[in-house]
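Nothing in this text is a laboratory measurement; each read-out follows from the coordinates by a stated rule. The structure presented is a predicted model; accordingly, all values stated were derived computationally and were not measured. Because the Cβ atoms are built from the backbone with ideal geometry, glycine has one as well, and the counts that use them run over all protein chains shown.
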Amino acid sequence: MKYALPLFLLLTSLFTVVFILVADNINSNPSKNISNPRRSLAFSAADFEVELSAWLPWWEEQASIESLSNSNGQIKIISPVWYQIAENGELIETASEYKKEVLSHAEALNIRVIPTISNASGDDFDGERISKLLRNEALQEKFILSLLELAQDSGFRGWDLDWEKVKEEDRDLYSAFVNTLAKRLNSRNLKLSVTVHAQAGKPSDWDGAKGQDLKALGKSANYVRVMAYDFHHSISPPGSVTPMDRLYETLDYSVKVIPLDKLVLGLPSYGYDWVLDKGTAMQYQEVVKYLKNNGAKVDRDPESHSLYANFSREGEEHTVWFEDAESLLIKIEAAKSYGVYQVVLWHLGDEDPKIWKLVNR
């Protein structure tokens, strides 16, 4: 007991020194000066590394393969969008010209492959296809057996369900199906990821997200990927794809209902070119060339940290907002301040190559 007081003073002094060093580190790095009124740092965000994963769209596989080669070992999981739910609720494979090359690169780089199954239909997502599967037990069993067989034959490490606009009346059925599927996959040492819409737990949440019970899905799935992007989108007025206030709202709610070790924050590597309220999605490198060709001046928005530009072309006024490595890094640091250490990018291919040098530098 006679050493209690000196030990206390010593520990207090050490804590003070560590605090000063951490504060100095944050203040010396502008990317870490994140204005977040809802969350105070309980620890240094630099204390742990981020685990990056990424979706790999079938229509941009060549560019995605190049991204894999340039990623400096940062990417741990890729989710090629290789499968879909057909109109009748059955599993179908999406055309892919470079599937063998993608799998070969992933194996060489020790990247786990967890393919995505989408319910996309044309330019939208079809909740009716999900309803047909959820309301037919025989179809569900056939679906699950197909996933187990495909994973074994192809060396997949699990599956990602990107089922968007699930009907509100199918909410409980979807949660029950995810619970069943997760158990079946986990019994074969396979992981289940579910991709979900961003929610803030408010009445103002988008109606298209009401079919996804994040708390229930977080109990069953191994990963819950929250799409914290497209807050401004192809049929909205122009603006940042991921504004900081919407990001904080998403994080505030997500960490309350999804276990931190399962929570994966989805962030964008793209932007939009708007004419009035109609936007066209473009990846970073495509945007840079496009703006240069049009002589547009690029500025950084101080609130969202996203890049933007305004210019005239062929008599039309264009507004472009997009994400680069710096804006992405700031949003990753915001996630880390919540203890969220897993991030998934939409999508690989023609992203800002500086991402691979800045993240976990």
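Computed 3J(HN,Hα) for region 346-352, one whole-Hz value per residue from the Karplus formula 6.51 cos²θ - 1.76 cosθ + 1.60 where θ = phi - 60°, is 10, 9, 6, x, 6, 6, 5, glycine and proline marked x.
Fewest-first ordering of I78, I330, I235 by other beta carbons within 10 Å of each residue's beta carbon gives I235, I330, I78. Counting only lysines at least 8 places from K256 when in the same chain, those with an alpha carbon closer than 16 Å to its own are K202, K215, K219, K336. Give the percent of DSSP beta bridges with both residues in region 218-285 that are antiparallel, rounded to the nearest 5. Looking only at bridges with both residues in region 218-285, the antiparallel portion is about 60 percent.
Taking amide H atoms as placed 1.01 Å from N in the peptide plane, the amide H of W82 lies under 5 Å from those of T116, each 5 or more residues away in sequence or on another chain. Of all lysines in the structure, the ones whose alpha carbon falls short of 20 Å from that of K99, not counting any fewer than 8 places away in one chain, are K76. Assuming charge only on the beta carbon of Lys and Arg (+1) and of Asp and Glu (-1), the dipole of region 224-361 about its Cα centre is about 460 debye to the nearest 20. Per-residue ellipticity at 222 nm, computed for the chain from helices alone with -39500 (n - 2.57) per DSSP H run of at least four residues, works out to -11500 deg cm²/dmol. Taking amide H as placed 1.01 Å from N in the peptide plane, the amide H of S337 sits under 5 Å from none that are at least 5 places away or on another chain.
Partners of K289 within straight-line reach, counting aspartates and glutamates whose Cα lies under 16 Å from its Cα and excluding those fewer than 8 residues away in the same chain: D273, D299, E323, D324, D350, E351, D352. According to the square roots a ≥ b ≥ c of the eigenvalues of the Cα gyration tensor, what is the shape class of region 238-361, taking rounded for a/c under 1.5, prolate for a/b larger than b/c otherwise, and oblate for the remainder? Here region 238-361 falls in the prolate category. Here the relative contact order of the chain, from alpha carbon pairs under 8 Å that lie six or more residues apart, stands at 18 percent. Once a ≥ b ≥ c are taken as the square roots of the eigenvalues of the Cα gyration tensor of the chain, is the result rounded (a/c under 1.5), prolate (a/b larger than b/c) or oblate (a/b not larger than b/c)? Verdict is oblate for the chain.
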